[in-house]
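Colleague: Submitted below is the structure of interest, expressed as structure tokens.
Read-outs: derived from the displayed coordinates by stated rules, not from any lab. What you see is a predicted model; the values in this text were computed from it and never measured. A quick note on method: Cβ atoms are made from the backbone with ideal geometry, for glycine too, and the neighbour counts reach across all protein chains shown.
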Amino acid sequence: MSPDDVRAFANRLMDEVWRPFDHTALPRFYHPDVVGHHRAQTLALADIANRLQWDVQNFGNPVYDIRDIVAEANRFAIRFLYSCTMIGTEEVFATEVIYFYHLRDGRIAEFWLLSGIDFDYKQRPV
């Protein structure tokens with residue numbers, strides 16, 4: 001994929017998966033054998049699906065304020081400020097997030113996640 005194609009992919013990923021917390025869109029963007037890295041956690045596609053399902057139950061009014069997308073052939077980095085309201089407590093949650101993605105055959109094969117707040121990526125929906 002060219003850098004322009006990769007940038008468009010990054011924007012679609014945010015618009016179709018993360019902003020709506022749509023776990024059903026994952027196959028269009030992630031390889032079935034995707035490997036993710038978040039601090040000491042190694043993540044699989046099922047973990048991403050569970051994360052999205054947990055997020056939709058717990059994060060109200062999510063805002064992804066994208067600050068940077070750096071795109072090269074078959075890889076990109078995205079940095080954004082994320083904020084939401086915790087549905088159970090009405091507490092405001094905010095953090096800076098950076099993802100690094102490697103693509104293979106037009107889908108995500110591996111990623112690394114850095115967040116200003118440490119959290120358990122593998123939280124499970126109820």
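Colleague: Are there strands (runs of 3 or more DSSP E) fully within segment 1-72 with at least 1 residues that are over 19 Å from ILE87 (Cα atoms) and touching a Leu at 6+ places or on another chain (Cβ under 6 Å)? List them.
Modeller: So the answer is 30-38, 59-72.
Colleague: Does ILE66 satisfy the condition of being touching a residue at least 12 places away in the same chain (Cβ under 8 Å) and farther than 26 Å from VAL35 by Cβ?
Modeller: When the stated conditions are applied, ILE66 does not pass them.
Colleague: Among the residues of segment 33-54, is there at least one that is farther than 19 Å from TRP112 by Cα and under 14 Å from the mean Cα position of the chain (by Cα)?
Modeller: Among the residues of segment 33-54, at least one is farther than 19 Å from TRP112 by Cα and under 14 Å from the mean Cα position of the chain (by Cα), which makes the answer yes.
Colleague: Which is closer than 17 Å to ARG67 by Cα and surrounded by 14 or more Cβ atoms within 10 Å (Cβ to Cβ), of ALA10, ALA44?
Modeller: Just one listed residue meets the conditions, ALA10.
Colleague: Can you confirm whether THR89 is of a type in the set (Ser, Thr, Tyr) and free of Cβ contacts under 8 Å to residues at least 24 places away in the same chain?
Modeller: Considered against the rule, which asks whether it is of a type in the set (Ser, Thr, Tyr) and free of Cβ contacts under 8 Å to residues at least 24 places away in the same chain, THR89 comes out as yes.
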